[in-house]
1. Looking for whichever is open to solvent by 10 Å² or more (accessible area, probe 1.4 Å), out of contact with any Leu (no Cβ under 6 Å at 6 or more places or on another chain), away from ligand 2 (no atom under 16 Å from the Cβ) and in a strand (DSSP E or B) here; the options are Glu146, Glu140. Which one fits?
2. What is the residue count in the range 215-237 for residues that are in contact with a Gly (Cβ under 6 Å, 6 or more places away or on another chain) and open to solvent by less than 30 Å² (accessible area, probe 1.4 Å)?
3. On the basis of being within 13 Å of ligand 1 (Cβ to nearest atom), among the β-branched types (Val, Ile, Thr), modelled with pLDDT of 95 or more and within 24 Å of Pro246 (Cα to Cα), does Ile22 make the cut?
4. Taking strands (runs of 3 or more DSSP E) that fall entirely within the range 1-96, which contain at least 1 residues that are within 14 Å of ligand 2 (Cβ to nearest atom) and touching a residue at least 60 places away in the same chain (Cβ under 8 Å)?
5. Sort out which residues of the range 89-100 are open to solvent by 60 Å² or more (accessible area, probe 1.4 Å) and of a type outside the set (Lys, Arg), and write them in order of number.
6. Which pairs have Cβ atoms under 6 Å, sit 6 or more apart or on different chains, and link a residue in the range 198-220 that is small (Gly, Ala, Ser) to one that is outside any helix (DSSP H, G or I) and open to solvent by 70 Å² or more (accessible area, probe 1.4 Å)?
7. Go through (1) open to solvent by less than 30 Å² (accessible area, probe 1.4 Å); (2) more than 16 Å from ligand 1 (Cβ to nearest atom); (3) not aromatic (Phe, Trp, Tyr) and name the single condition Ala68 misses.
8. Suppose we keep only residues that are under 17 Å from the mean Cα position of the chain (by Cα) and charged (D, E, K, R) within the range 25-47. Which one would you say is farthest from ligand 1 (Cβ to nearest atom)?
Amino acid sequence: MSRKPVIIDTDPGIDDAVALAIALFAEELDVRLITTVGGNVGIEHTTDNALKLVSFFGKRVPVAAGAAEPLVRELVDASNVHGASGMEGWEFDEPDRTLLLEKNAVDAMRDVLLASEEPVTIVALAPLTNVALTLKAYPEVKSHIERIVLMGGTAARGNKGVLSEFNVATDPEAAAVVFSSGVPITMAGLDVGWAAMLRPEDSERIRDESPAGEMFYALFNHYRGGSLRTGLKMYDAHAMAVLLCPEMYELVDTYVGIELAGSMTAGCTLVDLKGYLGKPANATVCMGIDADRFRSWMVERLAQCK
Ligand code: BDR
Ligand code: CA
């Protein structure tokens with residue numbers, strides 16, 4: 001089986017940590033680069049956390065640090081959810097800092113994309129600043145991208161604003177660049193995160209069945225406090241899951257517009273299922289999920305993370 005080449009753009013972040021772990025141990029994937037961006041916490045922390053995770057799992061994947069701030073707006077992070085460092089709950093060892101590239105995320109992405117003989121999939125788990133900058137600075141990379149699979153947006157209500165999701169609302173201008181780029185996009189939004197929360201017994205199985213389960217469980221315990229008991233949202237894992245196991249999802253090709261100007265709605269994703277805007281589809285959106293299958297899939301995948 002030939003492995004699918006991927007670049008992961010991320011802001012770990014506890015749910016990012018889970019998605020990264022799944023990718024690093026997925027036999028179907030060849031993770032060629034991890035790029036970091038300011039999002040859940042500042043860029044120093046997200047970069048440090050990515051290095052810690054790669055080192056924890058004993059992998060040799062290069063990491064490149066990217067944008068500290070959104071394209072236009074100021075960064076308002078989510079340290080209230082993920083903790084001051086972004087990955088509170090587990091004391092990681094000092095990471096292997098030789099994995100950190102000297103070049104920035106945008107140049108590193110370009111180099112990996114242009115050097116690849118086959119098109120590369122970008123899995124974006126964070127505000128889309130780095131991806132937008134790469135597409136704008138080096139448009140020649142577009143033909144080297146198979147697809148951008150992203151966690152972001154919502155077809156319903158928001159988690160950052162009334163109708164907006166954190167990754168898109170943090171950098172709406174970047175999201176607008178990506179969604180209008182012409183590159184194929186798969187969007188896993190809040191909708192599937194909410195429809196398939198991990199139940200306490202799933203988290204306990206992960207704790208007991210995964211060699212790294214103690215670490216995952218400690219992070220979960222911190223993540224959104226009481227959610228470990230009421231249902232844990234694994235947003236970023238859905239981007240990995242729809243890439244690896246698309247059959248679990250109900251997928252709809254549709255137009256997704258990004259609101260930039262609204263005084264109360266900037267950063268909303270207009271998932272135009274009924275064609276009100278009269279525009280051609282620019283994304284494949286996850287609109288439904290087999291939640292039981294996803295939960296079992298998560299337990300199985302995390303059990304492979306040593
Ligand atoms: C997204 O925002 C972040 O807090 C999570 O890591 C996820 O990428 C969910 O809205
Ligand atoms: Ca994230």
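The values are calculated or read from the model by the stated rules, or taken from the named source; none is laboratory data. Note that the structure is a prediction, hence the values are computed from the model and not measured. In this analysis, Cβ positions are derived from the backbone assuming ideal geometry, glycine residues included, and neighbour counts consider all displayed protein chains. Protein only, heavy atoms only, side chains kept; ligands, DNA and RNA dropped before computing areas. Shrake-Rupley method; radii C 1.70, N 1.55, O 1.52, S 1.80 Å.
1. Values: Glu140 fails: in a strand (DSSP E or B).
Testing whether each residue is open to solvent by 10 Å² or more (accessible area, probe 1.4 Å), out of contact with any Leu (no Cβ under 6 Å at 6 or more places or on another chain), away from ligand 2 (no atom under 16 Å from the Cβ) and in a strand (DSSP E or B) leaves just Glu146.
2. Qualifying residue count for the region: 3.
3. no
4. 4-10, 29-36
5. Residues of the range 89-100 open to solvent by 60 Å² or more (accessible area, probe 1.4 Å): 90-91, 93-94, 97-98, 100.
Matches in the range 89-100: Trp90, Glu91, Asp93, Glu94, Thr98, Leu100.
6. Ala218/Trp90
7. Single failed check for Ala68: (1).
8. Asp30
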